[in-house]
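Below is one structure; the comments refer to it alone.
The values are calculated or read from the model by the stated rules, or taken from the named source; none is laboratory data. This one's a predicted model, so the numbers in the text were calculated from it and none came from an experiment. In this analysis, Cβ positions are derived from the backbone assuming ideal geometry, glycine residues included, and neighbour counts consider all displayed protein chains.
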Amino acid sequence: MAEIRVALTFDDLPSLVLDAPSATCEVMDPGERRCVAQRLVETLRSASVPAVAFVNSGFLGGQEDLVRPWIEAGVELGNHTARHSSVDSLPLDVWADEVRECDAFLGAMGSTGRRFFRHPYLRYGGSPHRQAAARRFLLEEGYVQAHATAVPADWLLARFYREARDCGDTTRMRRVEERLAGHTLEVLEAAHHSLRRLLGRPAPQVLDLHVHRLAAAHLDSTLDRLRKGGACFIPLTEALADPVYQLDPTEWSAGGSWVERLAPASADALWFRRQPDRLRRWWREQCELPSQSSG
Ligand SMILES: [Zn+2]
């Protein structure tokens with residue numbers, strides 16, 4: 001079994017952003033938000049896994065102290081814009097203010113890092129010009145772009161989990177939990193093989209998960225499955241130091257994982273793009289099966 005060095009990252013702290021562009025969060029109840037943060041942080045701490053969490057400071061809604069447990073646990077906080085704004089959704093100067101607003105928040109909270117930026121929706125810009133302007137701005141602000149190679153559709157599984165949970169359907173909740181671990185490992189392995197094909201050598205991966213109820217409840221089993229599959233967790237700085245993250249994508253593309261950006265027309269890129277539809281088909285099948293197992 002191949003060892004896969006991987007840096008773990010979470011987007012959308014305090015909670016998964018739904019229903020763009022109106023952009024509400026999955027967890028709005030203050031008490032539940034606190035539980036989600038605590039469970040994730042405790043799992044990371046007990047598993048001794050380094051992580052970076054990308055913050056949407058404008059969605060904290062008076063719960064600014066929610067980021068404290070992450071900082072205290074040694075999780076570095078990164079900038080994900082104040083209100084999860086894609087670089088294509090706003091005039092560039094307004095978008096830049098969104099980045100600066102989040103930066104000011106992270107500074108005020110005593111986050112010592114403030115080194116990493118991740119684009120919402122992994123959209124880097126809908127035109128080459130916009131993409132170059134955004135990159136220049138981030139560089140001037142001192143940010144390193146946290147490219148992601150392994151990008152599971154955990155956000156979609158979180159939605160299925162919510163549906164099952166709303167119906168009190170524990171059988172389907174368990175199936176989604178198992179699928180989270182299996183799907184995440186499958187995407188990580190695919191990214192590992194894909195980069196090895198591209199570079200002719202193994203390279204460290206950057207895994208992109210989100211903050212949501214499903215992750216809070218089942219991050220431990222997911223990390224366990226990844227470790228059994230050969231994952232060895234490393235800091236994000238170490239992963240991004242690999243030359244693959246300094247490459248300039250030869251073919252321009254608006255978004256997606258770093259693997260897709262480096263080889264957008266490859267069979268691997270196509271496989272990654274098909275994953276959400278594959279999960280939707282799987283979920284339709286789950287919904288057609290009897291919800292309670294007959295033993
Ligand atoms: Zn996001």
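Couple of notes before you dig in:
Conditions (1) within 12 Å of the ligand (Cβ to nearest atom); (2) in contact with a helix residue (DSSP H, G or I) (Cβ under 7 Å, 6 or more places away or on another chain), marked per residue:
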| site | (1), (2) |
| --- | --- |
| ALA23 | yes, no |
| ARG33 | no, yes |
| LEU60 | no, yes |
| ASP65 | no, no |
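- Considering segment 219-246, the residues that are over 16 Å from VAL6 (Cβ atoms) and at pLDDT 95 or above include one that is surrounded by the fewest Cβ atoms within 10 Å (Cβ to Cβ), namely PRO243.
- Residue within segment 247-260 that is among the aromatic types (Phe, Trp, Tyr) and at pLDDT below 95 present: yes
- Residue among PRO276, PRO290 that alone is within 17 Å of the chain's Cα centre (by Cα) and farther than 15 Å from THR149 by Cα: PRO276
- Contact annotation: residue pairs with Cβ atoms under 6 Å, 6 or more positions apart or on different chains, pairing a residue in segment 177-203 that is farther than 22 Å from GLN246 by Cβ with a partner that is part of a loop (DSSP other than H, G, I, E, B), are HIS183/PRO152; THR184/PRO152; LEU185/GLY229; VAL187/PRO152.
- Every residue from segment 35-58 that is away from the ligand (no atom under 12 Å from the Cβ) and over 13 Å from VAL75 (Cβ atoms): CYS35, VAL36, ARG39, SER46, SER57, GLY58
- Counted residues, segment 71-94 - those being within 20 Å of ALA148 (Cβ to Cβ) and within 16 Å of the ligand (Cβ to nearest atom): 11
- Output for segment 270-287, where each listed residue is without any contact (Cβ under 8 Å) to a residue 60 or more places away in the chain and not acidic (Asp, Glu): LEU270, ARG273, ARG274, ARG278, ARG281, ARG284
- A search for C-beta distances below 6 Å between a residue of segment 120-145 that is within 16 Å of GLU98 (Cα to Cα) and any residue that is in a helix (DSSP H, G or I) and within 16 Å of the ligand (Cβ to nearest atom), counting only pairs 6+ apart in sequence or on different chains, returns GLY125/ALA134.
- Scanning segment 188-211 for residues that are within 16 Å of the ligand (Cβ to nearest atom) and either among the basic types (Lys, Arg) or assigned to a helix (DSSP H, G or I) (or both) returns no hits.
- Filtering segment 1-21 to residues that are in contact (Cβ under 8 Å) with a residue 24 or more places away in the chain, surrounded by fewer than 22 Cβ atoms within 10 Å (Cβ to Cβ) and away from the ligand (no atom under 12 Å from the Cβ) leaves MET1, ALA2, GLU3, ARG5, PRO21.
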